[in-house]
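The values are calculated or read from the model by the stated rules, or taken from the named source; none is laboratory data. For clarity, every value in this text was computed on a predicted model and none was experimentally measured. Every residue, glycine among them, receives a Cβ derived from its backbone with ideal geometry; neighbour counts consider all protein chains shown. Each accessible area value is taken on the protein alone, full model and side chains, heavy atoms only, with ligands, DNA and RNA left out. Shrake-Rupley method; radii C 1.70, N 1.55, O 1.52, S 1.80 Å.
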Amino acid sequence: MLSFATIRVEPAFHEAREHRHYDAVCYRLEQVFLAGLEEDDPDLLAFGTGERMRAAFEAYINRRADELQEPDARTSAKQIIAAYDRTHSTSRNGDMLVRKSQ
């Protein structure tokens, strides 16, 4: 019985650990992104909507993934954006950005 419980819990454990990893990476990259906005686009930093900030951050992450040119960079970029959405309580529904109520 215990081995069955371990098998069922293990995927959730690994998924949670992977989420924590990408949450930490996302946090650091978002800090770098925001620091860059101070010089590059201070109006977006000060007055940008959540949707505009997300779009700009996603473009930043995708640009960095393209520059890296490694096979898994795009997959990692998607995971980083998913972490951004978890952190900011947003998700994608087709082309629409949905903010979850707090």
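Identify all residues within the stretch 69-84 that are open to solvent by 20 Å² or more (accessible area, probe 1.4 Å) and either acidic (Asp, Glu) or not in a loop (DSSP other than H, G, I, E, B) (or both); write none if there are none.
Selection gives Glu70, Asp72, Arg74, Thr75, Ser76, Lys78, Gln79, Ala82.
Which pairs have Cβ atoms under 6 Å, sit 6 or more apart or on different chains, and link a residue in the stretch 77-97 that is of a type in the set (A, V, I, L, M) to one that is open to solvent by 80 Å² or more (accessible area, probe 1.4 Å) and at pLDDT 65 or above?
Here the result reads Leu97/Glu51, each pair linking the stretch 77-97 to a residue that is open to solvent by 80 Å² or more (accessible area, probe 1.4 Å) and at pLDDT 65 or above.
Tally the residues that are more than 15 Å from Ala83 (Cβ to Cβ), touching a residue at least 40 places away in the same chain (Cβ under 8 Å) and either more than 14 Å from the chain's Cα centre (by Cα) or open to solvent by less than 50 Å² (accessible area, probe 1.4 Å) (or both), restricting the search to the stretch 17-68.
Number of matching residues: 1.
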